[in-house]
1. Report the antiparallel proportion of the DSSP beta bridges in the chain as a percent, rounded to a multiple of 5.
2. What would the Debye formula give as log10 I(q)/I(0) at q = 0.11, 0.20, 0.27 Å⁻¹ for the alpha-carbon point model of the stretch 1-78, no solvent?
3. Please give every one of the aspartates and glutamates within straight-line cross-link reach of Lys123, meaning a C-alpha to C-alpha distance under 13 Å, and leave out same-chain neighbours fewer than 8 residues apart.
4. By how many nm would the segment from Asp44 to Gln100 grow when fully extended, if each residue of separation counts as 0.36 nm and the alpha-carbon distance is taken off?
5. Using mean Cβ contacts within 10 Å as the protection proxy, how do 31-40, 18-27 order, highest first?
6. Determine the dipole magnitude for the stretch 16-79: charges of +1 sit on the beta-carbon of Lys and Arg, -1 on that of Asp and Glu, nothing else is charged, the reference point is the Cα centre, and the result goes in debye to the nearest 20.
7. Restricting to DSSP loop positions (anything but H, G, I, E, B) with no more than 14 other Cβ atoms inside 10 Å of their own Cβ, which GluC sites (Glu not before Pro) remain in the stretch 69-170?
8. With only alpha-carbon pairs counted, each pair once and no self-pairs, how large is the Kirkwood hydrodynamic radius of the stretch 69-149 in angstroms?
Amino acid sequence: MNDCVYIFLDEAGNLDFSRNGTQFFVLTSISTRRPFQTHRDLDDYKHDCLESDLDTEYFHCAEDNTHVRRRVFGLIAANMSALRIDSLVVEKSKTGPSLQEDKRFYPEMLGYLLKFVFQRELKSGARRLVVITDTIPVQKKRNAIEKGIQQTLARHLPVGVHYRILHHASRSHYGL
């Protein structure tokens, strides 16, 4: 059994709690272990696209055409037994004013999600975690995310569990 779990994190929505902000803020994690079956299938499909004269450097839901998007989702669905997808959806209008500060909101919401993910993964034998987020361009936001992950890890991981927190470009890994 592989004791290393890869956890990919992404978000949707924004941290603007005014009327101009998004209605929801969503945090999603994908947990998986090697070998990455889904990645092999996606890589094969990427090369099928190249051989069909589609200039496919990477897949991206918002940018791919409908046919490519359907096929990618189909490949992911066919490999769901190798993945675990968890999401936390927050209706921002129901968030109290004291929690709306970036430095408090993001770490707390991330903590709720990761606590659940960590408990499950530790029960299934994980002893090492590699947590990967998309590259975060804004330093303030990067600091809040780092703090949230580190606080959650400190609270919920037993002594001896090794972890790394990495920020990679979304196109660098199929998990992102």
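Throughout, read-outs are computed from the coordinates displayed, never taken from laboratory work. Quick caveat: nothing in here was measured; it's all calculated off a predicted structure. All Cβ positions, glycine included, derive from the backbone under ideal geometry; neighbour counts span all protein chains shown.
1. Details: 16 of 29 bridges.
For the chain, the DSSP antiparallel bridge percentage is about 55.
2. Taken in order of the listed q values, log10 I(q)/I(0) reads -0.44, -0.99, -1.26.
3. By straight Cα distance, Lys123 reaches Asp3.
4. Details: separation 56, 0.36 × 56 = 20.16 nm, distance 4.34 nm.
My answer for the length gained is 15.8 nm.
5. On the way: 31-40: 16.7, 18-27: 12.8.
Descending mean neighbour count gives 31-40, 18-27.
6. In total the dipole reaches around 480 debye.
7. Working: sites: Glu91, Glu101, Glu108, Glu121, Glu146; in loops: Glu101.
Passing both the DSSP loop test and the Cβ count: Glu101.
8. Values: mean 1/r = 0.0659 Å⁻¹.
Taking the inverse mean of 1/r over all distinct Cα pairs, the stretch 69-149 comes out at 15.2 Å.
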